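See structure below.
Readers should treat all values here as calculations from the given coordinates under stated rules, not as data from a laboratory. This is a predicted model, so every value here is computed, not measured. Here the Cβ positions follow ideal geometry from the backbone for every residue, glycine too, while neighbour counts run over all protein chains shown.
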Amino acid sequence: MPPRQPAPSTSKPRASAKADATTPAKAPTKAALARAAKASAAAAAHAAADVAAREYTSGDDPRITLERQIGHLYEPIPPYPMRTERESEFYTLGDGEMFLNVGPHHPATHGVLRLVLKLSGEQVVDVDPVLGYLHRGVEKICENSDYYHVIDQVDPLEYISSLFQEWSAVLSFEKLLDVQVPRRAEYIRVLSAELLRIASHTLYMGFLALDLGGLTPILYGFIERDEIVEMLAALTGARMLFNYYRIGGVNGDLNHEFMSRLGDWMTRAAKQTDANIGLLNENEIFVRRTRGVGVMSREMALRYGVTGGDLRAAGVPFDVRRAHPYSVYPELDFNVPTRDEGDALARYLIRVDEIRESIKIIDQCLHNMPDGPIMARVPRLIRPRPGRAWGAVEGPRGLMGVYAISDGSDQPFRFRIHDPSFVNLQTLQAMLPGNLLADTMAIVASLDPVMGGVDK
Amino acid sequence: MTARAGIESAISLPTRIWTRLTVRQRLGLIFAPGAVFGGLITVIALALFGPAIVDFLSVNNGIPRFFAAVTAILMMTVPTAFVIIYLELKVIARMNLRVGPNRVGPWGSAMSVIHGFKVLAKEDFAPTGADVTVFTLAPVVTYMASIMTLLVIPFAPGLVGQDLNIGLLYFFAMGGLTVVGLLMAGWSSFNKYSLLGGLRSAAQMISYEIPLTLSVVGVIILAKTMSLNGIVNAQSGSLFDWFVFKQPLAALIFFIAATAEANRTPFDLTEADSEIVAGFATEYSGMRFGFFFFAEYVNVFIMSALIATTFFGGWNAPFNWPWTVTLNAFQPFSYGLIGWTAIVITVAFVGTEALAVLVRLVGGKTWDMTSTFVMGMAINVLLVIGLLGFLGFIAFDVVRGLTWFMLKTYGFVLVFVWMRATLPRVRVDQLMGFAWKWLLPAALLNLFVTATAVVLTNSR
Amino acid sequence: MDKTLKPRLEARVGEHLLGPIYQRQDETEIRVAPGNVPAVLTMLHDAVDLRFEILADLCGVDTGTTLQVVYHLWSPMTSDWLRVIAVGISRDDPRAPSATFLWTGAEWLEREAYDMFGIIFEGNRDLRRIFMPPDYTSFPLRKDFLLPDDASRSTGAGIRHVEIGHTPANLADDKSAGIRRAPVS
């Protein structure tokens, strides 16, 4: 048998690791640094930590050495050079502070939101939300698909309330094409969208309670939502990603099953809603957990460009359905509820009021439903004249807009999707500092983000 | 030297022998020496010290009794946890308008047993960077602290592990050890969520120990004893002798503080799943997690049992039991061995036959012969068990006491489960504020009023 | 279409406008140079007869030759959406002033525009990539970033997509690479 090789001397790998670690720092240009960062930043970080561990080995407590060796794996500090001053300021720890990496896999972050929290004890000092874990590049895909295909591309963005995203897309396309949508189609759109708004808000209430530790309301919310999506499945053929609105109308007319389910549901909708709301409104712990938490003042909400229920809870009566009416909303009688407190409880109560208003709207839609066609005359191959159009609708979470540019071809030249959750999430940076860790979840849940829409 | 030979020579002789054994032989190889040596040592010890041991035990018969009690309690905890877990799964499901477990066993009742097997079968590992010794010991400490408190709880007259005269003090001392286990788990896991959970549990449980302990001082004054058996005896008599009617405020404080002590909703901050993932148990898996899990549910049982014992009369019936029958016929040895055998055979066979005929008459020819007999036997067994239980209930204090005690205890377990389905979680500052600003003054007030009343009534 | 908005806009921000005010359906569109954006936005936000206080959207646009930044604004004083387009941003050195001094919420929208188009917003405190990974070098929504496997365009042929690194060094080489259509205004 061959003799065993002598053990390698420890100095060799240490030297090479040091060389690796220092190479990118010596790189002359910014461009080279950026390219090198991808390849060697992570390796350099590991190598540097390795070297540090070995140098401290002798005479030290082995446990401390172990922490030195693997400590960098447990800190969410990015392994690349800091890009902005804000980033380097955030990733510098003060006295007695620590990072806590919440998400993207965490029970209460509504999908894949990642919050890097800087904590002092249980108190949040600062927060750095990290997005993009669900980014699919839908805008680019839409620019490469024709106008009809855009509708089913945008469906999975706001998966809780996909009809609104479709609506904003077809609204902008109809503006590009100068299409007049038949009134019956408009009424059907309003009807289905308001149903989905109720489903979304019911789910919101359940998730808020779930993040506060209440198990039951979410299941009651899902029961309510299930009835609504079953109803819409009878109308559109799908439970979640409907692909129902068309440029110039809707895909199918009201049918018997939908109407019978809807009528069945409407007879007890208001009562059932009150019962579900009573689960939380009359709960002392819930009210104390949400009152005065995550206060968003009127000025702050406007400065952050917040829209939807979060803005109305701060006292600004901005609802696209009234502020910039589209479809047949001018003909319908409903209120825009507002509140002045701007805290999590107000955001919750706004949703409660909106459910009641939506039931009113559905009732009016059923009474005023006109006869007539459900589709305008639209060509099979859509080639709008070159131009620009901005279509915005009021989704359950706020203004959902689409900015479409046509260059005369059969595909949109630019297709911009504005998602309300994306903008609303920014307020976390202002609202979280000073709050406790437990309130973080209450605030995130009260903003009601849908990460599919945020990450596009 | 061929390659084959090289490998052969590289394997040592014991390994070679071992690899050629079957599984049964291997097991024999492992266990046979133990059995032989154990038997030898036992025989030698008995031969040398046998009479001395027998003499010692016959004089101190508390010692075998103690060992038997401890073993019984240890054996009891896991089924108790299974029952409570099943209750929680099923009751919360019904409250959520769900069906709940319905696949394993009748109405899914074996679901928690399956959970137990699942936990046993899972990989059990410690994360890199964890302090493995402390990490491994933490669940043991928590579980031990939980089950050691069961020792002093009187289940029925005479059915108590050890009737300590400082039973209540012992209970709180042992119950307070739980926090050590949780803190160990939180610290050793090398995870920030665990750390937060561990520190939260320390703060919470130490804060709530104080109102919990203070609220029962009034009871101790009234019962004039700290023995739990004595406290139960002090509540015998009518329904209104229960301490909940003499100490309603204390009962309320005790219930709230017990909820916090058992880490149950709305005070389950230590394992708040929406905030700190699973708190101290985040990094645990396998049976180590299982110990935490069992400890939690055993804790629920213990706290319910303590509430029932201290404030709700323990094993006392809520009303005076009218039939104080002593069935001489039911005495075990009154018929002798032959008589009992005859009775058992008669009941078993005749009952089964009779019921099978009945099943045949009612069910007609839809069932074949085997099914008819099995059905008759099942009904017979159920009837006999029910009859024996009823006879025991009216004849023996122990059975009666145990029944009432378990009814009360599981009533409170259901209340805990109900709260879990209904209430959200409080925030950590609200939790501490509630303990120090409301519960502690209320407990002190209760103590003051009770002590004053006792002094006044005694001096008169 | 709000006819009264046009004279108001001309009176307030007329000297900054590039070209006429364009109105169609319920939208009013003005075009300004990137350098004038802060002045124009401040005037639109603060003037008592304009009060465009809600920033509905901020996005980048690649016209094929130059880049644009598009702001959509809402005001209670008019029934129109106002679209402000900052035109003529160079593709080689895309720079535009930030709107965060007026709307803090523009921060992430500008980060998104930077991520997708590489437009550097001067004054944004935290301009880093928001969706794409930090070591990513392309700007995906630019027109020279191609998706050849798109079903409606080509057979795919095993190519997933073509990324072009837009580090300042190789920008000059890319210009002719992939403009897929005639530029729009």
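Looking only at residues of the stretch A:369-421 that are within 12 Å of another protein chain (Cβ to nearest Cβ) and of a type in the set (Val, Ile, Thr), we find that the one that is surrounded by the most Cβ atoms within 10 Å (Cβ to Cβ) is A:VAL402.
Only a single item in (1) within 11 Å of chain C (Cβ to nearest Cβ); (2) buried (at least 23 other Cβ atoms within 10 Å of the Cβ) is not met by A:ASP439, and it is number (1). Listed by first and then second residue, the pairs with beta-carbon distance under 8 Å, at least 6 apart or on different chains, first residue in the stretch B:121-142 and free of Cβ contacts under 8 Å to residues at least 60 places away in the same chain and away from chain A (no Cβ under 14 Å), second in a loop (DSSP other than H, G, I, E, B) and among the aliphatic types (A, V, I, L, M), are B:VAL141/B:LEU177. Scanning the stretch B:382-396 for residues being surrounded by fewer than 14 Cβ atoms within 10 Å (Cβ to Cβ) and among the hydrophobic types (A, V, I, L, M, F, W, C) gives a total of 6. Is there any pair with a first residue in the stretch B:417-446 that is more than 10 Å from chain A (Cβ to nearest Cβ) and in a helix (DSSP H, G or I) and a second that is surrounded by 18 or more Cβ atoms within 10 Å (Cβ to Cβ) and among the basic types (Lys, Arg) whose Cβ atoms are under 7 Å apart and which are 6 or more apart or on different chains, and what are they? Taking only residues 6 or more apart or on different chains, the pairs are B:MET419/B:ARG264. Beta carbons closer than 6 Å, at least 6 apart along the sequence or on distinct chains, pair a first residue in the stretch B:91-114 that is more than 14 Å from every other protein chain (Cβ to nearest Cβ) with a second that is small (Gly, Ala, Ser) for B:PRO101/B:GLY108; B:ASN102/B:GLY108; B:VAL104/B:ALA110. If you go through the stretch A:104-142 and pick out every residue that is within 11 Å of another protein chain (Cβ to nearest Cβ), out of contact with any helix residue (DSSP H, G or I) (no Cβ under 9 Å at 6 or more places or on another chain) and not in a loop (DSSP other than H, G, I, E, B), you end up with 1.
Listed here are the residues, each with its yes/no results for (1) more than 26 Å from B:ASP163 (Cβ to Cβ); (2) in contact with a Lys or Arg (Cβ under 8 Å, 6 or more places away or on another chain).
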residue	(1), (2)
B:LYS224	no, no
B:ILE231	no, no
B:LEU252	yes, no
B:THR259	yes, no
B:ASN263	yes, no
B:GLY279	yes, yes
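Filtered by the rule that a residue be in contact with a strand residue (DSSP E or B) (Cβ under 8 Å, 6 or more places away or on another chain) and either within 14 Å of another protein chain (Cβ to nearest Cβ) or aliphatic (A, V, I, L, M) (or both), the stretch C:79-92 gives C:ASP80, C:TRP81, C:LEU82, C:ARG83, C:VAL84, C:ILE85, C:ALA86, C:VAL87, C:ILE89.
For the stretch A:143-182, a tally of residues being β-branched (Val, Ile, Thr) and within 14 Å of chain C (Cβ to nearest Cβ) returns 3.
Test B:LEU48 against the stated conditions and say whether it is within 14 Å of chain A (Cβ to nearest Cβ) and either touching a residue at least 24 places away in the same chain (Cβ under 8 Å) or assigned to a helix (DSSP H, G or I) (or both). Spelling it out, it is not the case that B:LEU48 is within 14 Å of chain A (Cβ to nearest Cβ) and either touching a residue at least 24 places away in the same chain (Cβ under 8 Å) or assigned to a helix (DSSP H, G or I) (or both). Across the stretch B:345-375, the qualifying residues are those that are of a type in the set (Ser, Thr, Tyr) and over 23 Å from B:LEU387 (Cβ atoms), and the one among them that is farthest from the chain's Cα centre (by Cα) is B:THR366. Taken together, B:ARG24, B:ARG16, B:ARG20 contain a single residue that is free of Cβ contacts under 8 Å to residues at least 40 places away in the same chain, of a type in the set (D, E, K, R), loosely packed, with under 12 Cβ neighbours inside 10 Å and touching a helix residue (DSSP H, G or I) at 6+ places or on another chain (Cβ under 9 Å), which is B:ARG16. Return yes when C:VAL40 is of a type outside the set (Lys, Arg) and either assigned to a strand (DSSP E or B) or without any contact (Cβ under 8 Å) to a residue 24 or more places away in the chain (or both) and no when it is not. So C:VAL40 does not fit the description; no. Looking only at the stretch C:113-128, residues that are within 8 Å of chain A (Cβ to nearest Cβ), of a type in the set (D, E, K, R) and either in contact with a Phe, Trp or Tyr (Cβ under 9 Å, 6 or more places away or on another chain) or within 15 Å of C:ASP93 (Cα to Cα) (or both) come to 2 in all. Looking at the stretch A:345-456, the helices (runs of 4 or more DSSP H) lying wholly inside it that each contain 2 or more residues that are touching a residue at least 12 places away in the same chain (Cβ under 8 Å) and touching a His at 6+ places or on another chain (Cβ under 9 Å) sit at A:437-447, A:451-455.
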